[in-house]
Each structure stands twice: as C-alpha cells, then as structure tokens.
Amino acid sequence: MATLLDGRQLAAQIETRLAAAIAGGLDAAGRPPGLAVLRVGDDPASGVYVANKEKACSRVGITNHGAHLAAGTPAAEVLATIKRLNADPAVDGILLQLPLPAGLDERPLLAAIDPEKDADGLHTLNLGRLLKGEPGPRSCTPAGVMALLAAAGVALDGKRAVVVGRSILVGQPMALMLQAANATVTVAHSRTQDLGTVTRSADVLVVAAGRPHMIGAEHVKPGAVVVDVGIHRKPEGGLCGDVRFDEVEPIASAISPVPGGVGPMTVTLLLVNTVSSWCHRCGLANPLADLLP
Ligand code: NDP
C-alpha cells in the first residue's frame, strides 16, 4: 500500500509554523504581515478560492487587505488598485485572482505587481530568480509539491523525475525545482510520443496535464512516487485528479490524493510567500526559507 502524501495534514503543520513565525516576529516588525487578494468580477469558483485564502490568512495571523472590484471595472482602475497596494507599506503580498472577466488582459496587470510582493511567485522576475537559483517568492503549486515530497522523505538526488505538463503555472517551475533538487527531469506535454514509455521511466511522476483520469497503472513504474496536481469537478459531484487513484495506488510507493493532496499546499505556499516577504521587508530572518525551493 502506498504512503499517502497528505496535503491537508502537512498544510496544517506548516500553518502552525507560520503562526509561530508571525508571533515571534511581531514585536520586531511592529506590524503583522498583510496579504491582498484582488478579485475582479463574480466568477463563482474564484469566490470559493478567495474565501479559502482569506480564512487561511486569519488562521495564522496575516491581515487581509483584499479588494473586490465589479466585473465592469476598467483596466486602468484595476491597475491603479495594484499600484496602491504596491505602495501600501502594510501589504507584503499581492495576488490577482484569475480568471479575470472577459475584456481584461491579465498580462499587464500581473506584470504591474511589485515582484517583492508577488505572493503567487509567477512574476517574470521571480521565474527568472527560480531559473537562476536566487531567492525569491516561489510558484505556489510546485513549491507545495516539493514540500509534500520533502515531508515524506522522498529522495530526489539522482532520481528520474517526469513532469507531465509544461505550463508556466505548474509544469515549467515544477521541472526547475526538481532539477534544482538534483533529479534528472523530463517534461512531457501534449505532443510527447509514447507517453507511457516516458512516464514509466519516472521514479517521481508529477502529473499536471489538466486531463481527468488520464494516468493509469499502465503509465506508472511499480514503486514510483506519484503526485497528482490536476483538479476537476466530476459531473456527478466531487473532485478528481489527472490520475486514476484506485488503479495507481496499489503499485505506487507514495501518492497524493485529490482532493487533499496538492490543493491545500498551494494555499499554504501563498501564505509562506507572504510571510517570507514580510520577514524580508521588516529585516527579520526567515524561519520558512526551507519551504522556498
Ligand atoms: P494547462 O492547461 O495550462 O497546461 C496543461 C499542460 O498539460 C500543457 O503543457 C499540455 O501540453 C499538457 N497536456 C495536456 N494534455 C496532455 C496529454 N494528453 N498528454 C501529455 N500532456 C498533456 O494547465 P495547468 O498547468 O494550469 O493546470 C494543470 C492541472 O492542474 C489542471 O487540472 C488544473 O486545474 C490543476 N491545478 C491545480 C492546482 C492545485 O492547487 N492543485 C493549481 C494549479 C493548477 P501542451 O503544452 O502541449 O498544450
């Protein structure tokens, strides 16, 4: 039976560390850390995600500076809000919740976020820092995967890792982080031929293709560690991932479930980026640096 890579449990443990880091630094900093989740419009799924992030902030002691703008807000006004948050000394992290309403181009807005306050770790400068191995906020989902692997004691040095998916959000930064941990990394995508041969070479397989249930036992080497990043709403209700859990679990040595695997870690890493930025901006040592691969 595979070890379960339990993201809920690890997220709760990291929240305890976050709360302790905030309590320990509060006097020296003179203020709590602040996160601004900026939401534009009324996408219902985004509403749930933003509420989850705000609840997580309040659990650990991060002040919420969030703003919710109406769907028809002009780009100039969204930009002005981002600039206001950039200039606000009480704000350490800014997140622009996607997707934006039709007609708003996310690219110039994401680029306008101060890279030092980039809670998502997806600003071009911060992706460049990851590439160069320089410190900075890290992309939350792949950093969450790295934390799950580390907590389970999964060795990466010299191992073969395969990442299915090459998005800027997940696949690409995931591959860079695994490589930085000395894995030999292959990135597969929709044009990859004979995917099964590639994925069966993996000691560690991270699947972020956004295709429900596409990875089955035939794709997995017995004893491999399998991390499922995919999240899909099933027509009958509930969530599933990119991996057929029931099929793969008996042959894997460790596997992350959906829900309860990578998802909770993504929110937690948002908090880690915010508190790390707070430490940096307030001149405190960062006790969470091990969580920023
Ligand atoms: P994208 O759609 O941006 O990227 C998907 C990637 O998978 C692409 O690189 C694509 O290849 C590749 N791909 C698609 N189909 C196949 C296939 N049949 N075989 C091999 N590769 C394939 O998705 P994201 O990276 O944004 O997200 C991936 C999944 O992760 C989604 O289910 C998303 O909901 C989930 N997610 C979960 C998060 C969490 O917190 N757990 C956070 C973020 C995302 P190509 O480049 O050639 O098109």
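The values are calculated or read from the model by the stated rules, or taken from the named source; none is laboratory data. Predicted, not measured: the structure shown is a model, and the values here were computed from it. Note that each Cβ is placed from the backbone with ideal geometry, even for glycine, and that neighbours are counted across all protein chains shown. These accessible areas exclude ligands, DNA and RNA; they are computed on the full protein's heavy atoms, side chains included. Shrake-Rupley method; radii C 1.70, N 1.55, O 1.52, S 1.80 Å.
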Quote to one decimal, in nm, the extra length available between residue 180 and residue 79 on full extension: 0.36 nm per residue of separation minus the C-alpha distance between them.
-> 32.9 nm
Find which of 187, 41, 151 sits farthest along the positive direction of the dipole of the chain, computed with +1 on the beta-carbon of Lys and Arg, -1 on that of Asp and Glu, about the Cα centre.
-> 187
Given the options 188, 119, 147, which has the most mean-square fluctuation in a GNM of the chain, springs set between C-alpha atoms less than 10 angstrom apart?
-> 188
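Please work out the FRET efficiency for the pair residue 9 and residue 42, using the Cβ-Cβ distance as r and a Förster radius of 25 Å; give the result to the nearest 0.05. Mind showing how you got there, number by number?
On the way: r = 33 Å, r/R0 = 1.32.
FRET efficiency, residue 9 to residue 42: 0.15.
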Computed label-point distance, nm, for sites residue 211 and residue 124 using a 7 Å Cα→Cβ extension | 3.1
What is the distance, in nm, between label points placed 7 Å from the Cα along the Cα-to-Cβ direction at residue 194 and at residue 88?
-> 5.5
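Region 175-274: percent of C-alpha pairs farther apart than 19 Å?
Working: 2196 of 4950 pairs.
Here the long-distance tail beyond 19 Å is 44 percent of all Cα pairs in region 175-274.
With +1 on the Cβ of every Lys and Arg and -1 on the Cβ of every Asp and Glu, and nothing else charged, how large is the dipole of the chain about its Cα centre, in debye rounded to the nearest 20? Please list the in-between numbers first.
Numbers: 25 positive and 27 negative charges, 47 e Å.
It works out to roughly 220 debye.
Per residue, how much accessible area does the chain have with a 1.4 Å probe, in Å²? Walk me through the numbers before you get to the answer.
Working: 13070 Å² over 293 residues.
Accessible area per residue, the chain: 45 Å².
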Order by accessible surface, 1.4 Å probe, largest leading, for residues 219, 280, 189, 68 comes to 280, 68, 189, 219
Scaled by the rule-of-thumb 2.2 N^0.38 Å, the alpha carbon Rg for region 31-113 gives a ratio of 1.05
Take the Cα atoms of the chain, build their convex hull, and give its volume per residue in Å³.
-> 127
Of the accessible area of the chain, computed with a 1.4 Å probe and all protein chains kept, carbon and sulfur make up a percent value of 55
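Charges only on Cβ, +1 for Lys and Arg, -1 for Asp and Glu: so what's the dipole of region 31-113 about the Cα centre, in debye to the nearest 20? Mind showing how you got there, number by number?
Numbers: 8 positive and 8 negative charges, 59 e Å.
Roughly 280 debye for region 31-113.
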